[in-house]
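Asker: Take a look at this one; I'll ask things after.
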Amino acid sequence: MSGIYEHLQNETEPNGRGLVPRPADLPPLNLFEREASGVRNHTVNWQSYVQGQMISQEEFMFIRDYDNSSSERLDSLIQANGPQCAKVMIRLIGRIAKEMTVRYILTLIDDMLKEKPERVNIFVEHGKKTKTSPWVPFLNLLNREDKFAVNQASRIVTKLACYGKERMGASDLRFYFGWMRTQFTTSGNEYVQTVAECLQQLLRLNEYREAFMENEGMSVYNIIPVLADILSESVKEKVSRIILAVFRNLIEKPLEKEVTQENALTMIQCKVVKHLEVLEGQKIEDEDISEDIEMLQETLHNSMHDLSSFDEYSSEVKSGRLEWSPVHKSEKFWRENALRLNEKNYELLKILIRLLESSQDPLVLCVSAHDIGEYVRHYPRGKNVVEQLGGKQLVMQYMGHEDPNVRYEALLAVQKLMVHNWEYLGKQLPVQKEG
């Protein structure tokens, strides 16, 4: 995320309807906040929309008054004309095509709700009259091309879903969480912090937490490696305290023993035990940190004693950090465990295929391609399964990869997918593996 931030001079932030200098001790504005600041300074020629018959005279008069009101008068205007306010703004974003004007209206709405959360009620009342949920008009904007407008609409959706008494239904939540997952996994998304803030706000409510997990959420074993990296690099005690508390919750809170074990194995795979030893050697006065270190060390050491080769392999795959650990090259391991990649609806196999699709790390690509080939080699129906899951095409595309090691492993895996006599393939390949 460091690429998003840069120094800004004369930074401003909203204060009701006005703009005031940001205190010097606040962090720099992110991309979304910088754009929003510029949008607030934009002047819309509402008269031109009247002349073009895009808005009515009534709508023009209201939005003109809204636009020109001070903070005090604006509050009175909203209180006196609440339903009309929601109606006009929703109609405007539905009729006007000019992106800058849409940005401006959405920013007005977001600032209005941020200033006084109880104002969501005017959109709730409007929704009752139109027999639709208040967030629906803004969910419909998430498919627009303008990324700022999309993320501004997302902020409004979140406020409407959290500040009011009405909770978002299953269908709308499924769509919204799906949109969020896409944003988190889109490479180079400079608005990801804004999406994360929306998700954080939603997850403060138990109903949305449960719905998030039911809609596949974000896998815990994807979070652990990130936190483990931060723990190893951070020198701030408060950061360590938060991460250790999260790790402890991931061990103590799950009701299913299997989930607890998976979390522990992922921590082991991510070298959390080593990080705990480093922390233990430091002078830490915080008793909570010391207790968390002791608890985690005991739990993880016990888990290490019970660790099987397949447990080790499973935690490595789920962490997404593949390397040439001994199990990958073990004939005995694959002979005994290839079939286990079918468990839980092909969970591990799907992760390997997803890593081929998303990873930029040549080592991860090499190991993923190799393991898919070994799965096919030792499971008679593996070829059909890999092809149905889209793995065959992914492996084939890496035969032209710039990294020779990736090309080697991809070509070997493809030959295992294509032929039956695989025993001597490694000796017959026309490319030489480096390393």
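Asker: Between residues in region 311-335 that are not assigned by TED's automatic domain parsing to the domain that holds residue 355 and residues that are modelled with pLDDT of 90 or more and outside any helix (DSSP H, G or I), which pairs lie under 7 Å by C-beta distance while being six or more apart or on different chains?
Answerer: Qualifying pairs under 7 Å: 316/322.
Asker: Give region 104-122 a look and list any residue that's in contact with a Gly (Cβ under 9 Å, 6 or more places away or on another chain) and among the basic types (Lys, Arg), or say none.
Answerer: The one that is in contact with a Gly (Cβ under 9 Å, 6 or more places away or on another chain) and among the basic types (Lys, Arg): 119.
Asker: Are there any pairs with C-beta distances below 6 angstrom linking a residue in region 33-61 that is in the same structural domain as residue 95 (by TED's automatic domain parsing) and surrounded by 11 or more Cβ atoms within 10 Å (Cβ to Cβ) to a residue that is of a type outside the set (Lys, Arg) and not in a helix (DSSP H, G or I), with the two at least 6 apart or on different chains, and if so which?
Answerer: These pairs meet every condition: 37/12; 49/55.
Asker: Then there is this: Condition first: farther than 21 Å from residue 312 by Cα, in contact with a helix residue (DSSP H, G or I) (Cβ under 9 Å, 6 or more places away or on another chain), basic (Lys, Arg) and not in a helix (DSSP H, G or I). Can you find one or more residues in region 241-258 that meet it?
Answerer: There is at least one residue in region 241-258 that is farther than 21 Å from residue 312 by Cα, in contact with a helix residue (DSSP H, G or I) (Cβ under 9 Å, 6 or more places away or on another chain), basic (Lys, Arg) and not in a helix (DSSP H, G or I).
Asker: Residue check, residue 75 against (1) in contact with a Pro (Cβ under 9 Å, 6 or more places away or on another chain); (2) at pLDDT below 90, all met but one. Which one?
Answerer: For residue 75, the failing item is (1).
Asker: Restricting the search to region 37-79, which residues are closer than 20 Å to residue 148 by Cβ, in contact with a strand residue (DSSP E or B) (Cβ under 8 Å, 6 or more places away or on another chain) and assigned to a helix (DSSP H, G or I)?
Answerer: The answer is 37, 40.
Asker: Could you grab the pairs with beta carbons closer than 7 Å, sequence gap of 6+ or different chains, first residue in region 192-206 and in the same structural domain as residue 135 (by TED's automatic domain parsing) and outside any helix (DSSP H, G or I), second one surrounded by 14 or more Cβ atoms within 10 Å (Cβ to Cβ) and modelled with pLDDT of 90 or more?
Answerer: 205/162
Asker: Taking the stated definitions as given, is residue 253 out of contact with any strand residue (DSSP E or B) (no Cβ under 6 Å at 6 or more places or on another chain) and either surrounded by 14 or more Cβ atoms within 10 Å (Cβ to Cβ) or aromatic (Phe, Trp, Tyr) (or both)?
Answerer: no
Asker: Could you check region 396-435 and list, in sequence order, the residues that are under 16 Å from residue 328 (Cβ atoms) and modelled with pLDDT of 90 or more?
Answerer: If the condition is that a residue be under 16 Å from residue 328 (Cβ atoms) and modelled with pLDDT of 90 or more, then 405, 406, 408, 409, 410, 412, 413, 416 are the ones that fit.
Asker: Could you run through region 128-141 and say how many residues are over 22 Å from residue 101 (Cα atoms) and either among the polar types (S, T, N, Q) or in contact (Cβ under 8 Å) with a residue 40 or more places away in the chain (or both)?
Answerer: 4
Asker: Pairs please, first residue from region 210-233 and part of a loop (DSSP other than H, G, I, E, B), second anywhere and among the aromatic types (Phe, Trp, Tyr) and at pLDDT 75 or above, Cβ atoms under 6 Å, 6+ apart in sequence or on different chains.
Answerer: As it stands, the answer is 215/177, since those pairs meet every condition given.
The values are calculated or read from the model by the stated rules, or taken from the named source; none is laboratory data. Since the model is a prediction, treat every value here as computed from it, not as a measurement. Please note: Cβ atoms are built from the backbone with ideal geometry, for glycine as well, and neighbour counts cover all protein chains shown.
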